[in-house]
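The values are calculated or read from the model by the stated rules, or taken from the named source; none is laboratory data. Bear in mind that the values here come from a model prediction, so they are computed numbers and not experimental data. Glycine also receives a Cβ, built like all others from the backbone with ideal geometry; neighbour counts cover every protein chain displayed. The area values use the complete protein model at the heavy-atom level, side chains included, leaving out ligands, DNA and RNA. Shrake-Rupley method; radii C 1.70, N 1.55, O 1.52, S 1.80 Å.
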Amino acid sequence: VHNHGSWRPKPLLDTARFTLSFNSRHRKNHQDSQALWKHEAVQKYLEALSREYQQVSHLLSADSLNDFEQRTLRRRCADLSPIAAAFQEIKETEREVQELEAMCTELDSRDEKQLLELALEEKESLDKKMNMLCRKLFQLLVPKEKYDRSPVILEVTAGRTTGGDICQQFTKEMFEMYQSYADYKRWTFDIVNYTPAEMGGLHHAAAHISGENVYRHLKYEGGTHRVQRIPETGLSSRMQRIHTGTMSVIVLPQPEEVDVKVDLKDLRIDTFRARGAGGQHVNKTDSAVRIVHLPTGLAVECQQERSQQMNKEIALRTLRAKLYQQIIEKQLSQEQSARKLQLGTRAQSERIRTYNFTQDRVTDHRISYDARNIKEILSGKEALDKLINRLLEFAEIEAVTQYLENLQTLEG
């Protein structure tokens with residue numbers, strides 16, 4: 001507590017917003033949370049937070065604090081308490097590992113094989129615990145993004161290639177993958193727009209996905225996805241060679257309250273007959289709605305509901321989400337420029353992942369991560385969830401590393 005009666009806490013990694021860095025020089029040095037934990041700067045930072053927690057706890061017991069100071073200190077204590085507890089738990093586990101390693105050395109010299117095997121099993125268990133605790137600690141350090149808990153609008157669009165059908169088929173498989181993933185995570189998946197292709201693929205589709213932490217798990221899926229395969233059906237299947245195609249994914253957070261004013265005079269609203277799967281009303285009534293925002297050129301469609309009015313409301317909501325996303329990206333761009341941070345933009349021109357069917361391999365280029373068995377990934381269950389969680393862990397490590405570098409630069 002300073003003389004002016006206010007507490008000035010150090011920020012908990014809240015000085016910048018972070019996204020995945022596509023050209024990170026830390027990728028080789030920090031493969032996992034446990035490796036980052038051993039970094040000297042991380043140790044110093046955590047020790048400083050632990051000392052601050054002890055100081056704040058001590059100050060809270062003082063009788064001379066007024067109500068404002070009490071509230072401020074309690075909030076800070078609540079922020080620091082789980083971090084200090086996790087820090088101490090990791091230190092204790094680390095001591096157990098060191099003691100076990102020393103014991104293994106002694107057992108090895110005495111040739112006590114049975115005891116050595118048991119000790120090695122225990123060490124493996126402790127290593128897993130250390131990784132889990134380090135991951136938990138860095139999750140506490142990295143601030144939650146504003147929209148992590150928000151539902152999303154997810155859009156998929158087929159790219160263009162010779163024949164075209166390879167992109168459309170892949171787009172359909174990807175949309176079905178995200179639909180299965182939503183079911184796996186027990187989210188709600190409502191199709192907003194669905195434009196099928198003639199050869200059984202998909203030109204474009206959009207869905208509203210709601211549930212627990214939807215944006216947190218899907219925010220790194222936005223970008224260009226590339227496919228390499230020998231087509232089984234369609235025009236391209238006549239040429240028995242590997243074809244390369246692309247499709248793009250856009251993930252827009254949709255906060256409950258999107259405060260974006262849309263003037264009706266800036267909109268062009270067209271109605272047309274719905275097409276594709278949608279029930280008996282398809283191609284019988286002009287229930288589908290397309291809205292174009294004239295100042296920006298943004299266009300959205302909705303054709304899934306029987307009611308034209310309901311389709312219009314859904315399309316307006318989607319349009320507001322897209323306009324809001326433009327505002328967010330503009331703010332982020334300004335922040336990046338001001339802080340001179342090298343951040344990935346997740347722009348659609350950036351190829352984020354390759355699905356190589358001939359080699360049965362999925363490669364995420366941002367984190368140099370390979371996963372085998374494409375069918376398991378496309379099933380949208382455990383294998384995809386593992387890949388997405390690997391991305392989240394990498395993003396957390398990147399955020400902590402970048403913050404500490406900025407801190408060292410300022411101190412220097």
**Message:** Looking at (1) under 24 Å from GLU376 (Cβ atoms); (2) within 17 Å of the chain's Cα centre (by Cα), which one does VAL142 not meet, given that it meets all the others?
**Reply:** (1)
**Message:** Can you report the number of residues in the stretch 51-67 which are of a type outside the set (Ser, Thr, Tyr), under 35 Å from the mean Cα position of the chain (by Cα) and open to solvent by less than 80 Å² (accessible area, probe 1.4 Å)?
**Reply:** 2
**Request:** Would you check which residues across the stretch 358-368 are over 15 Å from ARG229 (Cβ atoms) and either open to solvent by less than 50 Å² (accessible area, probe 1.4 Å) or at pLDDT 90 or above (or both) and list them?
**Result:** ASP364, HIS365, ARG366, ILE367
**Message:** Given the criteria at pLDDT below 90, open to solvent by 10 Å² or more (accessible area, probe 1.4 Å), of a type in the set (Lys, Arg) and assigned to a helix (DSSP H, G or I), does LYS265 qualify?
**Reply:** yes
**Asked** If we keep just the residues of the stretch 353-375 that are within 21 Å of the chain's Cα centre (by Cα), in contact (Cβ under 8 Å) with a residue 60 or more places away in the chain and assigned to a strand (DSSP E or B), which is farthest from ARG241 (Cα to Cα)?
**Response** ARG353
**Item:** Filter pass, LEU218 being modelled with pLDDT under 90 and either crowded, with 17+ Cβ neighbours inside 10 Å or among the aliphatic types (A, V, I, L, M) (or both)
**Value:** no
